[in-house]
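Novice: Sharing a structure here in C-alpha cells format.
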Protein chains: 2
Amino acid sequence: MKRIMLVVSYDGTNYHGWQIQPGVITVESVLNEAVSRLTGEQIQVAGASRTDAGVHALGNVAVFDTCSRIPAEKFSYALNQRLPEDIVIQESKEVQADFHPRYCKCRKTYEYTIINRRFPLPEYRNTAFFYYGKLNVGKMRSAAAAFIGEHDFAAFCSAGAQVKTTVRNIYDMEIEEEQAEGRIRIRVTGNGFLYNMVRIITGTLLEVGKGTLEPESVPQIIASCNRGEAGPTAPAKGLKLLSINFDTD
Amino acid sequence: MKRIMLVVSYDGTNYHGWQIQPGVITVESVLNEAVSRLTGEQIQVAGASRTDAGVHALGNVAVFDTCSRIPAEKFSYALNQRLPEDIVIQESKEVQADFHPRYCKCRKTYEYTIINRRFPLPEYRNTAFFYYGKLNVGKMRSAAAAFIGEHDFAAFCSAGAQVKTTVRNIYDMEIEEEQAEGRIRIRVTGNGFLYNMVRIITGTLLEVGKGTLEPESVPQIIASCNRGEAGPTAPAKGLKLLSINFDTD
C-alpha cells in the first residue's frame, strides 16, 4: 500500500465545485472514478481545497492510497488519458503514509482576475470578472498592503463556515495590471483562507478601486471582525487556486 | 442610409468559422441575426476576414448598411445585449459609404499560441496548441526573421485558395515566451495573408523548434514556392486574429 499525491489543474466552469455531492458532477467525483477505473480499486481521493462551483485551479492537491503496481510518477500520464480535457494532472508522486493535504501546514496562493475595459473579452468569459467602470489600481494596491500579516479575518468570512479560529496569516499580496487587455490580477499567498475569504477581499478591493471605500478604512474593516463592514463577495469564476506548497516548516 | 463598422471579438470554439453556411452556426450568421433583429431590416454583414472553424478573434471587422436611427457608437452596446457571451462587439462607428473591409489596404496582426510543457493547461484547451516535446525558441526566432519582408508565399498557402497573387508583405514577426506557463506566442503583422498562411508558418517554426528543420533552410523553403517543402498546418484553435488596421496609406 502506498499514498499517492496528485497536483490537479481544472477549469471549474463545468463542475459543481470540488466536493462530491449527490446528483451533480464535481471534480472530486470525476477523479474518484478515473482513479478507481485505473487501479481496479474503490478509491476516494482526499483533497486539499474544496473549491466552490466555478472556481478554477492550476495546482489543487489530492491524495489516495492504493495497492496498484503503477509507479507513482506514471499516475499523471495514465490518469490524463482517462480524464476530460478540463481536468489535467500536472504531477503525481509518492508521499508518506500519514501525509494529509487538508491537515498539513502549507502556503496557498490564489489569483483573482478582473477584466476592466469598455466591453468584455470572450476568451475570459468563464475565467474573469468583467467590470466596465473606472478602477483606481493605485488605491487598490495601497489597500491590499493592509491585509498582509497575521489578522483575525472574521470580517472576510462567509457565514456557515465551521472553523476553530478565524486568524490567518497573509504572507504576500500583489496586484498586476496588463494595460492592453485591461486585465487586473490580484495574487495572494497565505497559510490558509477562510470560506470565500479571497473573494471577499477582492470584493472589498473593488470597492476601493471604484472609490466607494478609501484604502485607509481597510484596517478598521479588518479590526471590526464584522462581515457587514467588508465589500461583497466577488463572483466565483474569477478565482483560481494557483498552488499549494507543503515545504514550509 | 449609413454604413456602420463593427470591431468583432469572438471565441471561435463553438462556431463553424466566420462565413455563413447552410445548416451550421457561424459567427456571421449570428451577427446577421442580431443586427437584423435590432434594426428591423434584413441585414447581411460583410466581414474583413473569413476565419476558419475554431479560429478566434479579438478584432475582426464587419460592415453593414442601415437606415436605423440608432447612433453609430450605440450599436456596440445594443448588439452586445443580443449576442451570446462568446461574441462581443468592441467598437461600432460610421464609415464612408464605399468602405469595404475586404478590399481595402490594411495591416493585419495574428497571434498563434503554443503551450509547451509536460502536461496541458485546462484553461488553454480551446485557445492554444499543446506540445510537450522540447522546443528551441532561439532557433524559432532566427527562423522567423526570414519571413519578414515582401515574398512570394506560395509555399505557405493551402490548396483551394483563389488569389491573383501569392506575394505578401510581412512587416513584423515576434516570438514571446512566458516561462511559468510554458506559453509561446508567435505574433505576425502583414498586409494580408494567404489561406492558412499563419498556421503553415507556425507549423514550419514548430519543425525548427523541434530540430527537424534548421533556421537556415527557411529562405529556401520560401523560394521553392512549393507547399510540400513547408511544415504542416498547425491546428486552428491556437490562432487568433488580433487586429486589422485600415489607417495605412
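The values are calculated or read from the model by the stated rules, or taken from the named source; none is laboratory data. From a predicted model like this one, the values you see are computed outputs, not experimental measurements. Note: ideal-geometry Cβ built from the backbone for every residue, glycine included; neighbour counts use all protein chains shown.
Novice: Is there a residue being charged (D, E, K, R), over 18 Å from the mean Cα position of the chain (by Cα) and either assigned to a loop (DSSP other than H, G, I, E, B) or modelled with pLDDT of 95 or more (or both) anywhere in segment A:24-34?
Specialist: Yes, segment A:24-34 contains at least one residue that is charged (D, E, K, R), over 18 Å from the mean Cα position of the chain (by Cα) and either assigned to a loop (DSSP other than H, G, I, E, B) or modelled with pLDDT of 95 or more (or both).
Novice: Now for a separate question. If the Cβ limit is 7 Å and pairs must be 6+ apart or interchain, which residue in segment A:7-20 that is more than 22 Å from A:Glu91 (Cβ to Cβ) and more than 9 Å from chain B (Cβ to nearest Cβ) pairs with which residue that is aromatic (Phe, Trp, Tyr) and assigned to a loop (DSSP other than H, G, I, E, B)?
Specialist: Short answer, once both residue conditions are applied: none.
Novice: Between a residue in segment A:89-102 that is of a type in the set (Val, Ile, Thr) and any residue that is not in a strand (DSSP E or B), which pairs come within a Cβ distance under 6 Å, given they are 6 or more apart or on different chains?
Specialist: Qualifying pairs under 6 Å: A:Ile89/A:Ser76; A:Ile89/A:Leu79; A:Ile89/A:Asn80.
Novice: Quick test of your reading of the structure: B:Gln81 fulfils all but one of (1) farther than 22 Å from B:Phe193 by Cα; (2) surrounded by fewer than 17 Cβ atoms within 10 Å (Cβ to Cβ); (3) touching a residue at least 12 places away in the same chain (Cβ under 8 Å); (4) not charged (D, E, K, R). Name the failing condition by number.
Specialist: (3)
Novice: Of the residues B:Ala154, B:Ala72, B:Ala97, which is small (Gly, Ala, Ser) and either within 14 Å of chain A (Cβ to nearest Cβ) or closer than 21 Å to B:Gly231 by Cβ (or both)?
Specialist: Going through B:Ala154, B:Ala72, B:Ala97 in turn, the sole match is B:Ala154.
Novice: Return a yes/no flag: does segment B:91-102 have any residue that is part of a loop (DSSP other than H, G, I, E, B), buried (at least 20 other Cβ atoms within 10 Å of the Cβ) and modelled with pLDDT of 95 or more.
Specialist: Checking segment B:91-102: not a single residue is part of a loop (DSSP other than H, G, I, E, B), buried (at least 20 other Cβ atoms within 10 Å of the Cβ) and modelled with pLDDT of 95 or more.
Novice: Continuing with this model, one more query. Scan segment A:135-147 for residues that are of a type in the set (A, V, I, L, M), surrounded by 16 or more Cβ atoms within 10 Å (Cβ to Cβ) and either over 30 Å from B:Val8 (Cβ atoms) or not assigned by TED's automatic domain parsing to the domain that holds A:Val218 (or both) and report the count.
Specialist: Total meeting the criteria: 4.
Novice: For B:Glu181, work out the one condition from (1) modelled with pLDDT of 95 or more; (2) touching a strand residue (DSSP E or B) at 6+ places or on another chain (Cβ under 9 Å); (3) surrounded by fewer than 16 Cβ atoms within 10 Å (Cβ to Cβ) it doesn't fulfil.
Specialist: Going through the list (1) modelled with pLDDT of 95 or more; (2) touching a strand residue (DSSP E or B) at 6+ places or on another chain (Cβ under 9 Å); (3) surrounded by fewer than 16 Cβ atoms within 10 Å (Cβ to Cβ), B:Glu181 breaks only (1).
This table checks each residue for (1) of a type outside the set (D, E, K, R); (2) at pLDDT 95 or above; (3) touching a strand residue (DSSP E or B) at 6+ places or on another chain (Cβ under 9 Å).
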{"position": "B:Phe147", "(1), (2), (3)": "yes, yes, yes"}
{"position": "B:Lys164", "(1), (2), (3)": "no, no, no"}
{"position": "B:Val188", "(1), (2), (3)": "yes, yes, yes"}
{"position": "B:Gly192", "(1), (2), (3)": "yes, no, yes"}
{"position": "B:Arg199", "(1), (2), (3)": "no, yes, yes"}
{"position": "B:Glu229", "(1), (2), (3)": "no, yes, no"}
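Novice: Which residue pairs have Cβ atoms closer than 6 Å, lie 6 or more positions apart in sequence or on different chains, and pair a first residue in segment B:110-127 that is under 17 Å from A:Tyr124 (Cα atoms) and within 9 Å of another protein chain (Cβ to nearest Cβ) with a second residue that is of a type in the set (Asp, Glu) and in a loop (DSSP other than H, G, I, E, B)?
Specialist: B:Pro122/A:Asp11; B:Pro122/A:Asp86; B:Glu123/A:Asp11; B:Arg125/A:Glu85
Novice: For the structure I just gave you, tell me whether A:Arg37 is of a type in the set (D, E, K, R), away from chain B (no Cβ under 14 Å) and in a strand (DSSP E or B).
Specialist: no
Novice: Within 20 Å of the chain's Cα centre (by Cα) and either surrounded by 15 or more Cβ atoms within 10 Å (Cβ to Cβ) or within 20 Å of A:Leu213 (Cα to Cα) (or both): which single residue out of A:Tyr124, A:Tyr132 fits that description?
Specialist: Criteria check complete, one pass: A:Tyr124.
Novice: If B:Leu239 satisfies all but one of (1) buried (at least 19 other Cβ atoms within 10 Å of the Cβ); (2) at pLDDT below 95, what's the number of the condition it fails?
Specialist: Failing condition for B:Leu239: (2).
Novice: Here's another thing I want to ask about it. Collect the residues in segment A:60-76 that are in contact (Cβ under 8 Å) with a residue 40 or more places away in the chain and in a loop (DSSP other than H, G, I, E, B), keeping them in residue-number order.
Specialist: A:Cys67
Novice: Can you pull out the residues in segment A:195-213 that are surrounded by fewer than 18 Cβ atoms within 10 Å (Cβ to Cβ) and in contact (Cβ under 8 Å) with a residue 60 or more places away in the chain?
Specialist: Listed by number, the residues that qualify are A:Lys210, A:Gly211.
Novice: Report whether or not B:Leu79 is closer than 19 Å to B:Asn14 by Cβ, part of a helix (DSSP H, G or I) and modelled with pLDDT of 95 or more.
Specialist: yes
Novice: Right, next: Might you check whether a residue that is surrounded by 19 or more Cβ atoms within 10 Å (Cβ to Cβ) and closer than 15 Å to A:Phe246 by Cα occurs anywhere in segment A:26-48?
Specialist: yes
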